[in-house]
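Inspection log for the structure reproduced underneath, given as structure tokens.
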Amino acid sequence: MPLKEWYKEWFNSPYYDILYYKRNEQEAAAFIQLLLNHLNPEPGSLMLDVACGKGRHSRVLSEMGFEVTGIDLSETAIAEAKKTETDKLHFFCHDMRLPFYINYFDYAFNFFTSFGYFHTEREHNNAIRTIAQSIKNSGLFVIDYLNVHYAEDHIVKSELTVLDSTPFHISRWHDDDHFFKQVQIEKQGRHHLKHLYTEKVAKFSLGDFTDMLAYQNMQVQDVFGDYHLGHYNVRKSPRMIIVAKKVVH
């Protein structure tokens, strides 16, 4: 029996949008502006947004004057993102484990822990390879990931949140290799509906990413610990935002 790919069902669910509604355009714009101030890209640079969802970050980048391509596995998300396409903003339904453009983009981004979902090390390496291959030599890749040690120390084991009159019962736990987040939704009414989704994200450390990136000719340049681009502290930082450069000799 094949292993179930949890993200395909969950990311296409309308409940995913309801639960994560706080991730708004304003918040995204503030982080991206800080990041671009640091990266200082040339006007009109070609940018790839990997696992772009409905295009929240892609639109911000495009509005700042860059030519942006967003890819995501979710057909539902890409259908929504395509409604905002322009001559400088394009979206494609694409699996990040498979090759995309080659030596084309100046920058690639993977925001908001949109990585670490796959079953095997090979699949994660394939995704890094896709991204590395898509970037020109000396191009930059930014991955925004959770900080494993901070997440372990601050895990909230259970909570109930009600959004749009929908109750979300959330449970979290972890083992040696993964974080798990189970979302249970029960809708009362004429028909009693119950939905259950379980997120599973790999525990990748800075060393793990450094190795995966190095194997694809990517060298880590900077590591930030939060969305204000603060210093990365292995215990205290909520995020691990890595900037890596493609160096082909």
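Label positions at residue 173 and residue 84, each projected 7 Å from the Cα along the C-beta direction, are separated by 3.7 nm. Size descriptors for the chain (Cα atoms only): Rg and Dmax, in that order, 18.1, 65 Å. The phi-based Karplus calculation (6.51 cos²θ - 1.76 cosθ + 1.60; θ = phi - 60°) puts the 3J(HN,Hα) values of segment 77-89 at 5, 5, 4, 6, 4, 4, 5, 10, 4, 9, 6, 10, 9 Hz, whole numbers, x for Gly and Pro. For segment 151-200, what does the alpha-carbon gyration tensor say about shape, rounded, prolate or oblate, given a ≥ b ≥ c as the root eigenvalues, a/c under 1.5 as rounded, and a/b over b/c as prolate? It comes out prolate by the Cα gyration axes.
Along its first, second and third principal axes, ordered by size, segment 190-236 spans 56, 28, 16 Å in Cα coordinates. Loop-located trypsin sites (Lys or Arg not before Pro) in segment 126-190 (DSSP state not H, G, I, E or B) with no more than 14 neighbouring Cβ atoms inside 10 Å: 157, 190. When all alpha carbon pairs of segment 31-125 are counted in 10 Å bins from zero, the resulting P(r) reads 16, 49, 30, 5 %. Close amide H partners of residue 163, meaning residues 5 or more places away or on another chain with modelled amide H under 5 Å apart, are 168.
Against the chain, whose longest principal axis is taken from its Cα atoms, helix 121-134 shows a tilt of about 40°. From the cross-link list 88/246; 83/187; 82/246; 203/246; 88/203; 88/181, which pairs have alpha carbons spaced over 26 Å apart? Over 26 Å apart, Cα to Cα: 83/187; 82/246; 88/203; 88/181. For segment 151-200, the Cβ-based charge dipole about the Cα centre amounts to some 460 debye (Lys, Arg positive; Asp, Glu negative; other atoms uncharged). The relative contact order of the chain comes to 16 percent, based on Cα pairs under 8 Å that sit 6 or more residues apart. You can think of it this way: the chain between residue 26 and residue 92 has 21.4 nm of extra reach, that is 0.36 nm per residue less the Cα-Cα gap. Averaged over residues, the count of other Cβ atoms within 10 Å places the peptides 63-69, 161-167 in the sequence 63-69, 161-167, highest first. Computed extension gain for residue 125 through residue 184, at 0.36 nm per residue and net of the alpha carbon distance, reaches 18.1 nm.
Each value in this text was obtained by applying a stated rule to the coordinates, not by laboratory testing. From a predicted model like this one, the values you see are computed outputs, not experimental measurements. Please note: Cβ atoms are built from the backbone with ideal geometry, for glycine as well, and neighbour counts cover all protein chains shown.
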